[in-house]
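Engineer: If you scroll down you'll find the structure; I have some questions about it.
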Ligand SMILES: Nc1ncnc2c1ncn2[C@@H]1O[C@H](COP(=O)(O)OP(=O)(O)OP(=O)(O)O)[C@@H](O)[C@H]1O
Ligand SMILES: [Mg+2]
């Protein structure tokens, strides 16, 4: 079983411990600045590889320091990088994240991330893979009208497909109906699921999405997750944690689900529980997928949580 991931690749420059928002004409101090790998697709691929999944990633990076940070993370996690294009004279995408205790202010160099077009993807790229996962289609605006074609080409070659749209900054979710026709597993969060379906409740959104997609899982942050595999609806309760940084929780959840459900061929409910645990576990570490989390770590964490439940 081998997966290919397509989506957003970039670095996050995380500025923490500043006493206030920056003010024009003034300098403010901060406690730390870290450059870490970012991008939903990158985080998904790293998590899947850390668990033991056989996975490659496709995307473009610049031949610069930030590009090497992303590549280093792929390599140390075990993600195959043969399909990554490193381009001279091209700048890797960057998001600067000014983090404050209750919220973040983000500035993104978009051109470095929104760099894929239909002409970059030859359907032959899918040969040798069993599964395609795509992340963050609404950041990849130049590719947006071609995702339906991309998924249908993958399906023609016999791959299964999964999608996490992530947020649409324009809140329009264009092209989604035609894209979902070629998607086997859809993994939105609750806000995205409601916006896409126009439904007010998560259950109603789930039902509507299941009319188009066989397997749907809706992530609900600190409320856990709910999903339906075309046969039954299961809800998983959130695990008890004190989150340190929720960056990448959704992408880690997705990787946990795809690993267990497809790479390990486990049943739907067990896969939801595994994903829910990996999502929670990822909230205990700063950054998207810097801290390595293995299958053993997730199983151990689930056993600890079960033990705590008994004493509660
Ligand atoms: N505070 C929390 N407590 C327990 N589990 C959590 C918490 N936050 C997230 N999770 C787990 O991680 C999963 C994914 O988180 P979330 O719903 O925030 O995804 P998302 O909105 O797609 O996130 P992202 O910002 O990464 O795109 C949840 O469904 C849950 O399983
Ligand atoms: Mg998400």
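Engineer: Whole percent per 10 Å bin, from 0 to the bin with the longest distance: what is P(r) over all C-alpha pairs of the chain?
Structural biologist: Pair shares across the bins are 6, 28, 36, 23, 6, 1.
Engineer: Relative to the compact-globule scaling 2.2 N^0.38 Å, provide the ratio for the alpha-carbon radius of gyration of region 70-199.
Structural biologist: Cα Rg divided by the expected 2.2 N^0.38 Å: 1.15.
Engineer: Next up: Output the direction-averaged projected area (hull surface divided by four) of the convex hull of the alpha-carbon atoms of region 136-237, in nm².
Structural biologist: Average projection, Cα convex hull of region 136-237: 6.4 nm².
Engineer: How many percent of DSSP beta bridges within region 141-285 run antiparallel, rounded to 5?
Structural biologist: Bridges in region 141-285 are about 60 percent antiparallel.
Engineer: Could you compute the FRET efficiency for residue 109 and residue 82, with r as their C-beta to C-beta distance and R0 at 22 Å, rounded to 0.05?
Structural biologist: Plugging the Cβ-Cβ distance into 1/(1 + (r/R0)^6) gives 0.25.
Engineer: Averaging sequence separations of C-alpha pairs under 8 Å and six or more residues apart, then dividing by the length of region 208-312, give the relative contact order as a whole percent.
Structural biologist: The normalised contact order for region 208-312 reaches 23 percent.
Engineer: Quick check: Cα centre of region 208-233 to Cα centre of region 88-143, how many Å?
Structural biologist: Cα centroid of region 208-233 versus Cα centroid of region 88-143: 25 Å apart.
Engineer: Hey, another quick one. Which of 110, 183, 79 moves most in a GNM of the chain, Cα contacts under 10 Å?
Structural biologist: Maximum fluctuation in the GNM of the chain, among the listed residues, is at 110.
Engineer: Note down the nm distance, to one decimal, between modelled labels 7 Å out along Cα→Cβ at residue 142 and at residue 26.
Structural biologist: That separation, rounded to one decimal, is 3.9 nm.
Engineer: May I pose another question? Rank by packing, highest mean first: peptides 125-137, 34-46, with packing defined as the count of other Cβ atoms within 10 Å averaged across residues.
Structural biologist: Per-residue Cβ counts within 10 Å, averaged per peptide and sorted highest first, yield 34-46, 125-137.
Engineer: For region 41-133, taking Cα atoms only, what is the radius of gyration to one decimal and the Dmax to the nearest whole Å?
Structural biologist: According to the Cα coordinates of region 41-133, Rg and Dmax are 14.7, 46 Å.
Engineer: For region 31-137, what's the relative contact order in percent, using C-alpha pairs closer than 8 Å and at least 6 residues apart?
Structural biologist: 24
Engineer: Going by how many other Cβ atoms sit within 10 Å of their own, how do 71, 239 line up, fewest first?
Structural biologist: Lowest to highest Cβ neighbour count: 71, 239.
Engineer: On the first, second and third principal axes, largest extent first, how far apart are the outermost C-alpha atoms of region 267-312 in Å?
Structural biologist: 31, 27, 15
Engineer: Now a separate question. Mean residue ellipticity at 222 nm from the helices of the chain, using -39,500 (n - 2.57) per DSSP H segment of n ≥ 4 over the full residue count, to the nearest 500 deg cm²/dmol?
Structural biologist: Mean residue ellipticity, 222 nm, calculated: -9500 deg cm²/dmol.
Engineer: Quickly rank 184-190, 103-109, 296-302 as a protection proxy: mean count of other C-beta atoms within 10 Å, highest first.
Structural biologist: Result, highest mean Cβ count within 10 Å first: 184-190, 296-302, 103-109.
Engineer: Of the residues 124, 207, 192, which exhibits the maximal mean-square fluctuation in a Gaussian network model of the chain defined by a 10 Å Cα contact cut-off?
Structural biologist: Comparing 124, 207, 192 in the GNM, the peak value goes to 124.
Engineer: From a point 7 Å beyond the Cα of residue 120 in the direction of its Cβ, which residues of region 150-184 have a backbone N at a distance under 16 Å?
Structural biologist: The answer is 150-151.
Engineer: Which residue fluctuates most in the GNM of the chain (Cα springs below 10 Å): 21, 144, 98?
Structural biologist: 21
Engineer: Something else: R0 = 22 Å: FRET efficiency of residue 297 with residue 240, Cβ-based, nearest 0.05?
Structural biologist: 0.85
Bear in mind that the values in this text are calculations on the coordinates, not laboratory data. Everything numeric in this text was worked out from a predicted model, so none of it was measured. Counting neighbours? That spans all protein chains shown, and the Cβs are built from the backbone with ideal geometry, glycine included.
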